[in-house]
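Q: Below: one structure in structure tokens.
The values are calculated or read from the model by the stated rules, or taken from the named source; none is laboratory data. What you see is a predicted model; the values in this text were computed from it and never measured. Neighbour counts are summed over all protein chains in view; Cβ atoms, including those assigned to glycine, are modelled from backbone coordinates with ideal geometry.
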Amino acid sequence: MVSSDSYEELAKKLKLIDQQNKQLDDATKILIERDFELRKAYDELEKEKEQVAAERNKFLVALQSISDAVIAVDLDWNIIIFNKAAENLTGYAVEDVLGKPIFSVIKVFENGAQVPYTTYSPKIISGFEGVVFSKPILRICGLNNKESFVQLIAAQITEGSSVKLGSILTLHDITEEQELERMKLDFVSMAAHELRTPLTSIKGYIYIFIRDYLKFMDEKQATILQRMDISAQKLASLVENLLNIARIERGTFTVNLQPADWTALIKGAVSEVMAQVKDKGLELTLDLPPVGLPEVRVDRLRINEVLSNLLTNAINYSVSGGKIKVAVKLQGDEVITQVSDTGQGIPQEALPHLFTKFFRVSGPLEQGSKGTGLGLYIAKSITLMHHGRIWVDSQLNKGSTFSFALPVYREEEK
């Protein structure tokens, strides 16, 4: 016979087995649920993976169809993206450049000096997104020193560090535009040189004629001769402006900066135009600071062209009875000169283009203007060569104020 104790022990074991079976069933259910969840998550991941692959393919197709060259580099400046336009621009095939440092593939130059790769593709800036470098005209050399001119923009994204993306470079090919510009400059320079010689003779003959025969002429004849002289002077000024434009664009237009008394230069420039001011019935005032101004470093001849241009414009665009004011002030480390008039003013939409070459304002100002749109471009170029800046404020029918600033000459610069 089996003892009662054995029955109790067996019952306990059976109960334990039942509990374990129940736990096993519960665990099995949990595993089945987890398996279902994992399979669902896996399916979702696969779908997302397919979507990412589709988006990547769309991105690559779009990238290849872009007309601008696009080059992306990692945090060590190794190339990771190189589209078809980049191949055409540089002469390299994509398989030859991927993984290589960008500085071994292209060299970038500005005004003859090489631009370091750390300048046009700087180190990643944590948390920054946007443009980190931009230049309108640069020269690049690719395979076998293939030269091109480009507009280069470099940008970074906020997640750059986490995805190991340094910079994305966009290079817009402007080689054809630059070639056309060079051809225009060559033509302008050649035409100006060809005009210079006969014009010099014409001016000389007019000068001799006025000197020797003006006293024998009646009023009508004298007026005609003087108009001839003025026209010859204007044509000579135009020829000189055209030559200056060519020199500026080629980088051969230079300045010889020397310390100068700015007050004396301003007074001299104003006195040179006083005859024109009186002839037109205008009023010109000169506002100088009560204390002396510090010296500035200027090329006296070149900076006088800037003053003459601004003063002449103020006279030309003012009507009889108008007022012109020349004001000079010291502001920080700069001497600021302002030429204001009460003339017709300039439309707001024209202001951003005033200092570009050959630009002329349309409308009433154009009808009254006999300029070529070169003076302000030359004035800006000369001012920049003096390490200064130039700008304009204007209101239509109220007048304009042209200002330019020159840095103060410091004793330690001597």
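Yes/no matrix, rows are residues, columns are (1) closer than 28 Å to residue 189 by Cβ; (2) surrounded by 20 or more Cβ atoms within 10 Å (Cβ to Cβ); (3) not polar (S, T, N, Q):
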site	(1), (2), (3)
247	yes, no, yes
255	yes, no, yes
264	no, no, yes
270	no, no, yes
283	no, no, yes
293	no, no, yes
310	yes, yes, yes
313	yes, yes, no
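Q: Right, residue 306: in contact with a helix residue (DSSP H, G or I) (Cβ under 9 Å, 6 or more places away or on another chain), β-branched (Val, Ile, Thr) and surrounded by fewer than 21 Cβ atoms within 10 Å (Cβ to Cβ) or not?
A: Answer is no for this residue.
Q: Next question. Cβ contacts < 8 Å: first residue closer than 19 Å to residue 78 by Cα, restricted to the stretch 124-140; second residue polar (S, T, N, Q) and surrounded by fewer than 12 Cβ atoms within 10 Å (Cβ to Cβ), any location; separation 6+ or different chain. Result?
A: Within 8 Å, no pair qualifies.
One line per residue, one yes/no per condition, for (1) among the hydroxyl-bearing types (Ser, Thr, Tyr); (2) free of Cβ contacts under 8 Å to residues at least 40 places away in the same chain; (3) within 30 Å of residue 252 (Cβ to Cβ):
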{"residue": "293", "(1), (2), (3)": "no, no, no"}
{"residue": "298", "(1), (2), (3)": "no, no, yes"}
{"residue": "322", "(1), (2), (3)": "no, no, no"}
{"residue": "325", "(1), (2), (3)": "no, no, no"}
{"residue": "343", "(1), (2), (3)": "no, no, no"}
{"residue": "347", "(1), (2), (3)": "no, no, no"}
{"residue": "352", "(1), (2), (3)": "no, yes, yes"}
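Q: So is residue 235 surrounded by 12 or more Cβ atoms within 10 Å (Cβ to Cβ) and either touching a residue at least 60 places away in the same chain (Cβ under 8 Å) or not assigned by TED's automatic domain parsing to the domain that holds residue 409 (or both) or not?
A: In short, yes.
Q: For the stretch 144-159, indicate whether the set of residues that are under 23 Å from residue 95 (Cα atoms), small (Gly, Ala, Ser) and more than 16 Å from the chain's Cα centre (by Cα) is non-empty.
A: Yes, the stretch 144-159 contains at least one residue that is under 23 Å from residue 95 (Cα atoms), small (Gly, Ala, Ser) and more than 16 Å from the chain's Cα centre (by Cα).
Q: Considering only the stretch 50-69, how many residues are at pLDDT 65 or above and closer than 23 Å to residue 172 by Cα?
A: Count: 11.
Q: Of everything in the stretch 381-414 that's among the acidic types (Asp, Glu) and not in a strand (DSSP E or B), which residue is modelled with the highest pLDDT?
A: Going through the qualifying residues, I end up with 411.
Q: Further question on the same structure: Can you name the residue in the stretch 349-372 that is farther than 23 Å from residue 383 by Cβ and not hydroxyl-bearing (Ser, Thr, Tyr) and is also modelled with the highest pLDDT among such residues?
A: Only one residue tops the list, namely 349.
Q: Now, a different point. Going by what's in this entry, would residue 84 be described as at pLDDT below 95, surrounded by fewer than 18 Cβ atoms within 10 Å (Cβ to Cβ) and under 20 Å from residue 64 (Cβ atoms)?
A: Against the criterion (at pLDDT below 95, surrounded by fewer than 18 Cβ atoms within 10 Å (Cβ to Cβ) and under 20 Å from residue 64 (Cβ atoms)), residue 84 qualifies.
Q: In the stretch 318-339, how many are under 18 Å from residue 284 (Cβ atoms), under 29 Å from the mean Cα position of the chain (by Cα) and crowded, with 21+ Cβ neighbours inside 10 Å?
A: Summing the residues that are under 18 Å from residue 284 (Cβ atoms), under 29 Å from the mean Cα position of the chain (by Cα) and crowded, with 21+ Cβ neighbours inside 10 Å in the stretch 318-339 gives 2.
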